[in-house]
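Here is the structure we will look at.
The values are calculated or read from the model by the stated rules, or taken from the named source; none is laboratory data. Predicted model only: the values in this text are computed from it and were never measured. Virtual Cβ from ideal backbone geometry, glycine too; neighbours counted across all protein chains shown. Please note that ligands, DNA and RNA were not included when accessible areas were found on the heavy atoms of the full protein model with its side chains. Shrake-Rupley method; radii C 1.70, N 1.55, O 1.52, S 1.80 Å.
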2 protein chains.
Amino acid sequence: MAASPARPLRRLPVEPLTREAFRPFGDVIAASGAPDHWANGGAAEVFRDRAVLDVEAEGGRPCVSIVRAAPSRLPLQIRLMERHPIGSQAFAPLGAGAWLIVAAPAGPLDSRAIRAFAAAPNQGVNYRRGVWHHPLIALGQVSDFLVIDRAGDGENLTIESLPEPLEILALE
Amino acid sequence: MAASPARPLRRLPVEPLTREAFRPFGDVIAASGAPDHWANGGAAEVFRDRAVLDVEAEGGRPCVSIVRAAPSRLPLQIRLMERHPIGSQAFAPLGAGAWLIVAAPAGPLDSRAIRAFAAAPNQGVNYRRGVWHHPLIALGQVSDFLVIDRAGDGENLTIESLPEPLEILALE
């Protein structure tokens, strides 16, 4: 019996990263809207308190790290997702280019609910505790990201493979 | 009586930002040395726990903000310094260029102890509680910085003018 031809992978479209679009997953850490106040004699606009850190469960504390990520190339297959059941996790690019965010709501992983967002070099995100996300996707160059997550005892990582991969073809 | 000619300002040399050089003032938040571990199947190097957050005095909590700073031009006069007596304060550049850090040890402000550091676009710093520092100095372009500092009640800002300005002429 002849093998059936390979079915094309489901394509995951890429949306612009905005606070509204990302609300189901957490916070966008970026200057947006009106500043909350000015500082430095008017030379600086302050956008205050842009991420809800949730890292103190089970004796945890906030931890600031750098992750240096090798770049991914498009098209890119999304084969697995991870989550941190007892802590939020924030990423912000330092001197990097555009980067990609792939997320799905907390709860049982539903691959139909996975969404992808293109972030600018001055946009970070904070994944809410338990929100599914793909490991860091840097584009174009080796990129450093500042990470704010939870340090402490307890099992804080779940990884799950998708029943079948999704494919990101391009940034739009 | 003729006015005496103006005395030139004391020049503040600019040093490269390294963990060792910055130790009197706090932490450099950057990839340096060997990574603490690898992640994402080897695609990411993790430099873990690079800043000591000290924000819980007097009921404080960590607060993540964005500050958008207008660029400064060289030569630049340093006329004042500030400190946060009850909390650390971290800055990391998002999609920005090089930036300048000017700091002096905690305690009574000694303008002879002020030092300046040139930071790369992938280097952040965390000022230890009480360490004197100049307001953000972005170079070349409007620049966004992620800030991790203390939110909460209490007086957490002191500003002091220098007896006479210092001058930064160039990045080296």
Can you spot a residue in segment B:29-51 that is out of contact with any helix residue (DSSP H, G or I) (no Cβ under 6 Å at 6 or more places or on another chain), over 28 Å from A:ALA70 (Cβ atoms) and free of Cβ contacts under 8 Å to residues at least 60 places away in the same chain? no
Inside segment B:20-61, the number of residues satisfying the requirement of being under 14 Å from the mean Cα position of the chain (by Cα), more than 8 Å from chain A (Cβ to nearest Cβ) and open to solvent by less than 50 Å² (accessible area, probe 1.4 Å) is 6
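Can you pull out every residue in segment B:122-153 that is small (Gly, Ala, Ser) and modelled with pLDDT of 95 or more?
Narrowing segment B:122-153 to residues small (Gly, Ala, Ser): B:124, B:130, B:138, B:140, B:143, B:151-152.
The answer is B:GLY124, B:GLY130, B:ALA138, B:SER143, B:ALA151, B:GLY152.
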